[in-house]
Amino acid sequence: MTATCPFFAGSATAVAEPEYTPYEAPAPLPGTYIADWVTLEDLTRDPFPTFAKLRQEHPVPYVPAAGRYFVTRYEDVHTVDNDPDTFTANERGSLMKKSMGHSMLRMDDPNHAVQRATYGNVLKPKAIKASWRQVFEESYERYAAVLREVGPGVEFVHHFAGPYAAENLRRVMGFENATDQDMIRWSQTMINGTGNYADDPDVWAEAKRSYDEVNTALDEMIAHYWEHPNETLISNIIHTSNGDEVTLANIRANLKMSIGGGINEPRDAITTIMMGLFGEPEQRAAVLDGTRTWKEAFEEGVRWIAPIGMYPRQTTREVELGGTVLPAGAKLGVVALSANRDESVFANADRYDLGREKQPHLAFGGGVHFCAGAWLARSQVADVALPRLFAEFPGLRLDPEQQAVETGWVFRGMTHMPITWDA
Amino acid sequence: MPSITYRRVDGTSATVVVDEGTSIMRAALQNDVAGIVGECGGQAMCATCHVYVPEGVELPEVSDDEDEMLECTTSDRLDNSRLGCQLLAGRDFDELTVDLPESQV
């Protein structure tokens, strides 16, 4: 360990503000199918009929409402994930870079690999067993107590799923100076910036406020962990990086990306899997009696409704994909929600079915950007939250007196889910 | 050039000739060999390129990262289990036959 931490704000490696240059993508080539009937309102409400039609008729259409070509079939998504030379993650004009800084999620190898290496083994199975599993149990108990306190009829997303995921992430990252509610606010406002295609100044102002708050909190924790190393992500990053290839600006951007990517997804996976089991009583019984595993319930849940529904890529050259010739510089929306419902891979794809033939789903992405938090998500959802909720809240079900709401296509999950049980 | 043969539990097999430096996982993806998934692109993150190697073949030792992921395979880990992404043609072997597990997911 050197005497001086290379990552203190104001040190040699600090800190370029994110660069943002608007980018005008090239017009679709003559003959390209233009899906001008697709609206964001329809996609937000229920994207599956739209994606089914596109997969069948025009699997890589240009969608004016989104300003992107959609990649809707399993095979084409797999192609894009595994050919970063042609389909770069480093999208020009990315709103994510403006909202969160230029994280590893918008880099290709070898630059991406250098950043990714800083996360080390913190998010992997051994560390989960040694440290995080106990954290998840503690979070569970804290928010299960909230459910009991409010009682049957409680809205589940905001009283359990969201704060549970946020508290787990807060402790894994090591933000001792923040709360679960800080994490949720940071995550949502920066995600809103990432999707701020309307360029709403209020949305940018809220995202910027969170951006600055995260920087301040992170600087404080870096100083703390420099003196007091522990098993958290922030501590691991600063003690395994030398400040040359990985700068404070990189760390800030990577952690903001992880704040954006580490809450909604486990939150939405929990509620989606609950909806799957609520709708399929026989499968619920099979999980509860051990015929099926919670891991299977998890994988089928994120197959059925991928929490990250769409992610961007950009072509580096003219290339044909799924029958469409894409110009160089074209912006793509890779639609995991759609690929995971591709009937050529998943029979009866619209059904939550634990008995289906096992096939790899694309909910965690593929290739070098495969979700770094996948094991954390599996453990907090399938080892802890779901088994304990279904065991400790007998007769757990939707509250028939209230309306549940599922929404979204870039991110999809339950946004309002009142539950009840046999108290 | 090095070659890799993949044997499946149903008795079928596929042999591919590869460039030096290509991993067992990458070679399967490039040649559409069924039975290897390779979700994470070779970062030892996902345990979906699990293979069984023949006894008596000299290969580099299993690293800590590989060992951690081999604990997470869907089909049983055996003494001869390896991750296909960690073994490179030309560096670690010239010709190799691997047995594919029943399932990667």
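Starting from region B:44-105, pick out the GluC sites (Glu not before Pro) whose DSSP state is loop and whose Cβ has at most 15 other Cβ atoms within 10 Å. Display every interim value, and only then the final one.
Numbers: sites: B:Glu55, B:Glu58, B:Glu61, B:Glu66, B:Glu68, B:Glu71, B:Glu95, B:Glu102; in loops: B:Glu55, B:Glu58, B:Glu61, B:Glu71, B:Glu102.
Here the sparse-neighbourhood loop sites are B:Glu55, B:Glu58, B:Glu61, B:Glu71, B:Glu102.
Give, as a single signed number, the net charge of other residues whose beta carbon lies under 15 Å from the beta carbon of B:Glu20, with Lys and Arg counted +1 and Asp and Glu -1. Don't skip to the end; give the middle numbers.
Numbers: positive: B:Arg26, B:Arg91; negative: B:Asp19, B:Asp92, B:Asp94, B:Glu95.
Summing Lys/Arg as +1 and Asp/Glu as -1 gives -2.
Give me a comma-separated list of calculated 3J(HN,Hα) values for region B:57-70, in order, Karplus coefficients 6.51, -1.76, 1.60 applied at θ = phi - 60°, integers in Hz, x for any Gly or Pro.
Residue by residue, region B:57-70 yields 8, 6, 9, x, 5, 5, 6, 4, 5, 5, 4, 4, 6, 4 Hz.
Which parts of region B:84-105, residue by residue, lose 20 Å² or more of accessible area when the rest of the protein chains are there, as against the chain isolated (1.4 Å probe)?
By number: B:Val105.
With every protein chain left in place and a probe of 1.4 Å, what is the accessible surface of A:His102, to the nearest 10 Å²?
70 Å²
If I compute solvent accessible area with a 1.4 Å probe over the protein chains, what percent of it on chain B is carbon and sulfur?
On the way: 2020 of 5050 Å².
Of the solvent-accessible surface of chain B, carbon and sulfur hold 40 percent.
Measure off, as a whole percent, the carbon and sulfur share of the 1.4 Å-probe accessible area of region A:279-423, all protein chains present. Mind showing how you got there, number by number?
Details: 2800 of 5410 Å².
Its accessible area is 52 percent carbon and sulfur atoms.
Under a 1.4 Å probe, what is the accessible area of the protein assembly as shown per residue, stated in Å²?
Details: 22250 Å² over 528 residues.
That works out to 42 Å² per residue.
Amide H of A:Gly373 versus every other amide H placed in the peptide plane: which residues, excluding those fewer than 5 positions away on the same chain, fall under 5 Å?
none
For chain B, build the charge dipole from Cβ charges (+1 Lys, Arg; -1 Asp, Glu) around the Cα centre, then report which of B:Met1, B:Val57, B:Leu96 sits farthest towards its positive end.
Projecting each Cα onto the dipole axis, the largest value belongs to B:Met1.
Rounded to the nearest 100 Å², what is the sum over both chains of accessible area buried where A meets B, with a probe of 1.4 Å? Please list the in-between numbers first.
Details: alone 17930 and 5840 Å², together 22250 Å².
Rounded to the nearest hundred, the buried surface is 1500 Å².
Using the Cα centre as the reference, give the magnitude of the dipole from point charges on the C-beta atoms of region A:233-340 (Lys, Arg: +1; Asp, Glu: -1; all else neutral), rounded to the nearest 20 debye.
Around 320 debye, computed over region A:233-340.
Return the sequence-ordered ³J(HN,Hα) values of region A:303-315 in whole Hz as given by the Karplus equation 6.51 cos²θ - 1.76 cosθ + 1.60 applied to θ = phi - 60°, using x for Gly and Pro.
Karplus-based 3J(HN,Hα) across region A:303-315 equals 5, 5, 9, 5, x, 8, x, 9, 9, x, 9, 9, 6 Hz.
Can you give me the long-range amide H partners of A:Glu406? Hydrogens built in the peptide plane at 1.01 Å from N, cutoff under 5 Å, separation of 5 or more residues or another chain.
A:Thr415
Please state the charge dipole magnitude for the protein assembly as shown, taken about the Cα centre, from unit charges on C-beta atoms (+1 on K and R, -1 on D and E), reported in debye and rounded to the nearest 20.
Values: 45 positive and 79 negative charges, 153 e Å.
That gives the protein assembly as shown a dipole magnitude of about 740 debye.
Express the C-alpha Rg of region A:183-259 as a ratio against the empirical globular expectation 2.2 N^0.38 Å, rounded to two decimals. Can you show the working numbers first?
On the way: Rg = 14.0 Å, N = 77, 2.2 N^0.38 = 11.5 Å.
Normalised by 2.2 N^0.38 Å, the Cα Rg of region A:183-259 equals 1.22.
Counting only other residues whose beta carbon sits under 15 Å from that of A:Asn264, what net charge do I get with K and R as +1, D and E as -1? If you can, show how the numbers build up before the last one.
On the way: positive: A:Arg170, A:Arg185, A:Lys256, A:Arg267, A:Arg412; negative: A:Glu167, A:Asp180, A:Glu265, A:Asp268, A:Glu406.
Local net charge: 0.
Need one number: % antiparallel among DSSP beta bridges in chain A, to the nearest 5. Could the numbers behind the result be given before it?
On the way: 19 of 23 bridges.
Of the beta bridges lying entirely in chain A, close to 85 percent run antiparallel.
At most 15 other C-beta atoms within 10 Å and a DSSP loop state: those are the exposed chymotrypsin sites (Phe, Trp or Tyr not before Pro) I care about. Give me the longest piece of chain A that has none. Kindly include the intermediate steps, with their values, before the conclusion.
Details: sites that count: A:Tyr20, A:Tyr23, A:Trp37, A:Tyr197.
Between exposed loop sites, the widest span is A:198-423.
Tell me the label-point distance for the pair A:Asn177, B:Glu20, using the 7 Å Cα-to-Cβ offset, in nm and rounded to one decimal.
5.2 nm
Separation of region A:260-336 and region A:352-392 by C-alpha centroid, Å?
Cα centroid to Cα centroid, the span is 10 Å.
Identify, among A:Leu277, A:Gly395, A:Ile234, the residue whose Cα sits farthest towards the positive end of the charge dipole of chain A, taking +1 on the Cβ of Lys and Arg and -1 on the Cβ of Asp and Glu, with the dipole about the Cα centre.
Of the options given, the answer is A:Ile234.
Along the charge dipole of the protein assembly as shown, Cβ charges K/R +1 and D/E -1, which of B:Thr73, B:Ala44, A:Phe364 sits furthest on the positive end?
In the protein assembly as shown, that residue is A:Phe364.
Using a 1.4 Å probe on protein heavy atoms, which residues of region B:29-76 have at least 50 Å² less accessible area in the complex than alone?
With the partner chains in place, region B:29-76 has these residues losing at least 50 Å²: B:Glu39, B:Gln43, B:Met45, B:Glu68.
Quick one: 3J(HN,Hα) in Hz for region A:20-25, Karplus 6.51/-1.76/1.60 with θ = phi - 60°, rounded, Gly and Pro as x.
Per residue, the Karplus-derived 3J(HN,Hα) values read 9, 10, x, 9, 9, 6 Hz.
For chain B, with a Gaussian network of springs between Cα atoms less than 10 Å apart, report the residue from B:Leu87, B:Leu59, B:Leu70 with the top mean-square fluctuation.
Residue with maximal mean-square fluctuation among B:Leu87, B:Leu59, B:Leu70: B:Leu59.
Under a GNM of chain B (C-alpha, springs under 10 Å), which listed residue has the highest mean-square fluctuation: B:Val53, B:Val18, B:Val62?
Judging by the Gaussian network model, the answer is B:Val62.
Between A:Phe70 and residues 5 or more places away or on another chain, which pairs have amide H atoms under 5 Å apart, with H built 1.01 Å from N, and which residues are they?
When sequence neighbours closer than 5 places are left aside, the close amide H contacts are A:Val63, A:Gly333.
Suppose every K and R has +1 on its Cβ and every D and E has -1 on its Cβ; what is the size of the dipole of chain B about the Cα centre, in Debye to the nearest 20? Let's see the in-between values first.
Details: 6 positive and 21 negative charges, 86 e Å.
Value, rounded to 20: 420 debye.
The values are calculated or read from the model by the stated rules, or taken from the named source; none is laboratory data. Computed from a predicted structure; not experimentally measured. Cβ coordinates were reconstructed from backbone atoms using ideal geometry, including for glycine residues, and neighbour counts include every protein chain displayed. With ligands, DNA and RNA removed, areas are computed over all heavy atoms of the protein, side chains included. Shrake-Rupley method; radii C 1.70, N 1.55, O 1.52, S 1.80 Å.
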